[in-house]
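Only one structure is covered here, and it is reproduced in the block below.
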Amino acid sequence: MTLKFNRTDKLILFLSLTIVIVFSYFLYDDSFLFHNRESKNSKIGKINKADNDVRLKASDSFTWNPVKYSEVVFERYSVFTGKKSQTQIDLIDGSKIFLNENSLVTLVTKNGHLELNLRYGDIKTEIQATSKLELKAGSQKILLIKEKGSSTLEIKKPKFGLTKVKLVSGKVSLKHSTTAQTEFLTKDQTVVVRPL
């Protein structure tokens, strides 16, 4: 038995295939649909360096877009680095965030300082004077405060495990958000941030 398509059947088939192709494209790249929403978020900084597989995703987007050099990073953006990849984000206050390979972080401003929601990975930060950086990793939340000069921190969070913070240079105080206990870090000291 052979199927025969009349003119109406062919037209319906053609329109159906066209609709499927258009919707498939929007699943791949939704920037056209949500283009104007980006400007509603405040600017946090820009990408200064992007090696290999570095991707960016807006909070109201479904897709990860490859990062271009000098691309603006807005609030609530997520940044991902793949295998053998790294990126540098220069923040408006002069601080810098370096993401090493296999890292995922979301950037949010909260109470006048940046909240770094580290899902997993290995990052290094250079915090400028009078800057505050709130680190969130799962249920763990700490506030890193730098009072003078600049400081460099290494932060590591495995996909399954606790966050470790190491002071490379400078002086930083670490404040737990729930207990309000303040701890002053010393150079090369590693602190394990445990859920409270």
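The values are calculated or read from the model by the stated rules, or taken from the named source; none is laboratory data. Bear in mind the structure is a predicted one, so any value in this text is a computation, not a measurement. Cβ placement follows ideal geometry from the backbone for every residue including glycine, while neighbour counts extend to all protein chains displayed. In case anyone asks, the SASA skips ligands and DNA or RNA and just uses the protein heavy atoms, side chains included. Shrake-Rupley method; radii C 1.70, N 1.55, O 1.52, S 1.80 Å.
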### Message
Between a residue in region 98-110 that is within 13 Å of Lys136 (Cβ to Cβ) and any residue that is open to solvent by 50 Å² or more (accessible area, probe 1.4 Å) and assigned to a strand (DSSP E or B), which pairs come within a Cβ distance under 9 Å, given they are 6 or more apart or on different chains?
### Response
Leu104/Arg119; Val105/Arg119; Thr106/Arg119; Thr106/Lys136; Val108/Lys136
### Query
What pairs come up if the first residue lies in region 48-77 and is β-branched (Val, Ile, Thr), the second is surrounded by fewer than 17 Cβ atoms within 10 Å (Cβ to Cβ) and outside any strand (DSSP E or B), and their beta carbons are under 7 Å apart, counting only those six or more places apart or on different chains?
Thr63/Tyr28; Thr63/Asp29; Thr63/Asp30
### Query
Failed condition for Arg55, given (1) surrounded by fewer than 18 Cβ atoms within 10 Å (Cβ to Cβ); (2) in a strand (DSSP E or B), with all others met?
(1)
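For region 112-161, name all the residues that are among the polar types (S, T, N, Q), over 18 Å from Glu75 (Cα atoms) and at pLDDT below 75.
Initially, region 112-161 is screened for residues among the polar types (S, T, N, Q), giving 117, 125, 128, 130-131, 139-140, 150-152.
Narrowing further to those that are over 18 Å from Glu75 (Cα atoms): 128, 130, 139-140, 150-152.
Residues satisfying the conditions are Gln128, Thr130, Ser139, Gln140.
Let's see how each residue does on (1) under 22 Å from Val172 (Cα atoms); (2) aliphatic (A, V, I, L, M):
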| position | (1), (2) |
| --- | --- |
| Thr63 | no, no |
| Phe80 | no, no |
| Asp90 | yes, no |
| Ile97 | yes, yes |
| Ser103 | no, no |
| Leu107 | yes, yes |
| Glu115 | yes, no |
| Thr125 | yes, no |
| Lys136 | yes, no |
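Would you mind stating whether Glu183 is acidic (Asp, Glu), modelled with pLDDT under 80 and either open to solvent by 30 Å² or more (accessible area, probe 1.4 Å) or part of a loop (DSSP other than H, G, I, E, B) (or both)? Break it down stepwise before answering.
Values: acidic (Asp, Glu): yes; modelled with pLDDT under 80: yes; either open to solvent by 30 Å² or more (accessible area, probe 1.4 Å) or part of a loop (DSSP other than H, G, I, E, B) (or both): yes.
The answer is yes for Glu183.
Sort out which residues of region 58-82 are part of a strand (DSSP E or B) and among the hydrophobic types (A, V, I, L, M, F, W, C), and write them in order of number.
If we filter region 58-82 for residues that are part of a strand (DSSP E or B), which is where we start, we get 65-66, 72-74, 77-81.
Correct list: Val72, Val73, Phe74, Val79, Phe80.
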### Task
Report, by residue number, each residue of region 97-127 that is of a type in the set (D, E, K, R) and open to solvent by 30 Å² or more (accessible area, probe 1.4 Å).
Glu101, Lys110, Arg119, Asp122, Lys124, Glu126
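With the requirement that a residue be among the polar types (S, T, N, Q) and either farther than 14 Å from Thr106 by Cα or surrounded by fewer than 17 Cβ atoms within 10 Å (Cβ to Cβ) (or both), what does region 58-74 give you? I'd like the intermediate steps shown before the answer.
Looking only at region 58-74, we keep the residues that are among the polar types (S, T, N, Q), and these are 59, 61, 63, 65, 70.
Within region 58-74, Ser59, Thr63, Asn65, Ser70 meet the criteria.
Among Leu114, Leu118, which is the only one that is touching a residue at least 60 places away in the same chain (Cβ under 8 Å), out of contact with any helix residue (DSSP H, G or I) (no Cβ under 6 Å at 6 or more places or on another chain) and closer than 23 Å to Ser151 by Cα?
Numbers: Leu118 fails: touching a residue at least 60 places away in the same chain (Cβ under 8 Å).
Among Leu114, Leu118, only Leu114 is touching a residue at least 60 places away in the same chain (Cβ under 8 Å), out of contact with any helix residue (DSSP H, G or I) (no Cβ under 6 Å at 6 or more places or on another chain) and closer than 23 Å to Ser151 by Cα.
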